[in-house]
Amino acid sequence: MPREVVGQTEAVNRFVRHATLRQLQLLEAIVRLGSFTRAAEEMFLTQPTVSMQIKKLTETVGMPLFLHVGRNVEPTDAGREVYDTCKGILRSLGDLEIKLADLKGLKSGRFRLGVITTAKYFAPELLGGFCEVFPGIDVSLKVTNRTRIIERMAANDDDLYIFGEPTHAGLDVEATYLAPNPLVILARKDHPLVGQSGISLERLAEERFILREPGSGIRDAIARRFTERGIRPNVRMELGSNEAIKHAIIAGLGISALSLHTLTLDGGAGRLAMLDVEGFPIERAWYLVHPKGRDLSTIAKTFLAYAVDREGEIRAKLAHTDAQLRACRST
Ligand code: PGA
């Protein structure tokens, strides 16, 4: 049977002659991030390059694509129409890559994993082991906070994601339990509260608290715990990384809440101790997540099964770190 002719209208010809896939990618990033500057950063381009490409796309479309609102931009009605169409095109290209990779089987292909900051202490090990089994696969790992990971998932940037509370933000996802991710209160080993049992949240609120940046899942979990009890922590500073927080605690700048995973490599090198605070650890978990209705590639499915099988190893590491920190508390 003859195949339907698609893609030969005048409008399609105009786009094919004048627009580029790169311009569509840029438009998608600008709409998603609300800013030319952030889109330029994300795509490793200069802002003038981004502006020039969008100017060309505007000429092809024949209508303005963006309105400036303060320091941000918003798409016009025409911009939104182009955005919806280009999302479809980009998604189809992504799906094509998955299908081609599937045709090649697991011998080669690409696997992109996006994880929240606490999973970076285990994800490289997972990927390393996976690559030993499937050496032809190229892997990439993106580590960032919860809000950015959810944004990446909305933009289809990675094949699979690791984060917690996958259904919390009303996300329509498929989630597979991976491992525990307990949140504990840490202080410097010589802090006066070390060794005390059943410390109340009220007492904890008298201490200077170091908090993660807005957008962090840890920050939200801590804020919720305090708010539930109508208590405000005494926030001394905000820091954008778990490592920086560990250093700040050791430097005597305050106490903080961190995932036990952040200590699995060095156990705080003996300079941090876990406080025995009521309601802690907050028992959370990591999940392997992907948007519902989006087919996983064979590689992603295989990785998922491989990761789930490693739960025991992850638990064993946590138990070891937990024991180390408890030993600190009692000495
Ligand atoms: P975060 O998430 O990096 O967004 O704080 C970490 C976690 O929830 O364990």
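The values are calculated or read from the model by the stated rules, or taken from the named source; none is laboratory data. As the structure is a prediction and not an experimental result, all values here were calculated from the model. Don't worry about glycine lacking a Cβ; one is built from the backbone with ideal geometry, like all the others, and counts go over all protein chains shown.
Of the residues Ile150, Ile162, the single one that is in contact (Cβ under 8 Å) with a residue 12 or more places away in the chain, assigned to a helix (DSSP H, G or I) and among the aliphatic types (A, V, I, L, M) is Ile150. Just the residues that are within 23 Å of Thr298 (Cβ to Cβ), in contact with a Ser or Thr (Cβ under 8 Å, 6 or more places away or on another chain) and within 16 Å of the ligand (Cβ to nearest atom), please, taken from segment 128-157. Correct list: Arg152 only. Answer with yes or no whether Phe163 is within 14 Å of the ligand (Cβ to nearest atom) and hydrophobic (A, V, I, L, M, F, W, C). Considered against the rule, which asks whether it is within 14 Å of the ligand (Cβ to nearest atom) and hydrophobic (A, V, I, L, M, F, W, C), Phe163 comes out as yes.
Please state which of the following conditions Phe303 fails to meet, knowing it meets all the rest: (1) closer than 27 Å to Phe130 by Cβ; (2) in a strand (DSSP E or B); (3) away from the ligand (no atom under 14 Å from the Cβ). Unmet condition: (2). Restricting Thr85, Thr58, Thr37 to residues that are surrounded by 13 or more Cβ atoms within 10 Å (Cβ to Cβ), more than 27 Å from the chain's Cα centre (by Cα), β-branched (Val, Ile, Thr) and assigned to a helix (DSSP H, G or I) narrows the list to Thr58.
Do you know which of the residues in segment 267-297 that are charged (D, E, K, R), farther than 30 Å from Gly105 by Cβ and at pLDDT 90 or above is nearest to the ligand (Cβ to nearest atom)? Among those that are charged (D, E, K, R), farther than 30 Å from Gly105 by Cβ and at pLDDT 90 or above, it is Arg284. Here Phe122 clears all of (1) within 16 Å of the ligand (Cβ to nearest atom); (2) surrounded by fewer than 20 Cβ atoms within 10 Å (Cβ to Cβ) except the condition numbered (2). Look at segment 62-90: where a residue is within 15 Å of Arg14 (Cβ to Cβ) and modelled with pLDDT of 90 or more and a partner is among the small types (Gly, Ala, Ser) and surrounded by 15 or more Cβ atoms within 10 Å (Cβ to Cβ), sitting 6+ places away or on another chain with Cβ atoms under 6 Å, you get Met63/Ala78. For segment 96-126, the tally of residues that are more than 14 Å from Gly164 (Cβ to Cβ), part of a helix (DSSP H, G or I) and modelled with pLDDT of 95 or more stands at 0.
Does Arg110 count as among the basic types (Lys, Arg) and within 16 Å of the ligand (Cβ to nearest atom)?
Numbers: among the basic types (Lys, Arg): yes; within 16 Å of the ligand (Cβ to nearest atom): no.
Considered against the rule, which asks whether it is among the basic types (Lys, Arg) and within 16 Å of the ligand (Cβ to nearest atom), Arg110 comes out as no.
Taken over segment 174-198, the criterion of being away from the ligand (no atom under 16 Å from the Cβ), under 27 Å from Gly114 (Cα atoms) and of a type in the set (Val, Ile, Thr) is satisfied by Thr176 alone. If I ask for residues that are touching a residue at least 24 places away in the same chain (Cβ under 8 Å) and more than 12 Å from the ligand (Cβ to nearest atom), which ones from segment 199-224 would you list? Ile199, Ser200, Leu201, Glu202, Leu204, Ala205, Glu206, Glu207, Arg208, Phe209, Ile210 - these are the residues of segment 199-224 that are touching a residue at least 24 places away in the same chain (Cβ under 8 Å) and more than 12 Å from the ligand (Cβ to nearest atom).
Of the residues making up segment 274-312, those that are closer than 30 Å to Glu207 by Cα and touching a helix residue (DSSP H, G or I) at 6+ places or on another chain (Cβ under 9 Å) are Met274, Leu275, Asp276, Val277, Glu278, Gly279, Phe280, Pro281, Ile282, Arg284, Trp286. With respect to the conditions (1) loosely packed, with under 13 Cβ neighbours inside 10 Å; (2) touching a strand residue (DSSP E or B) at 6+ places or on another chain (Cβ under 8 Å); (3) aromatic (Phe, Trp, Tyr), Phe44 lacks only one, and its number is (2).
Restricting to segment 225-262, and then to whatever is among the polar types (S, T, N, Q) and part of a helix (DSSP H, G or I), can you tell me which residue is farthest from the ligand (Cβ to nearest atom)? Going through the qualifying residues, I end up with Thr227.
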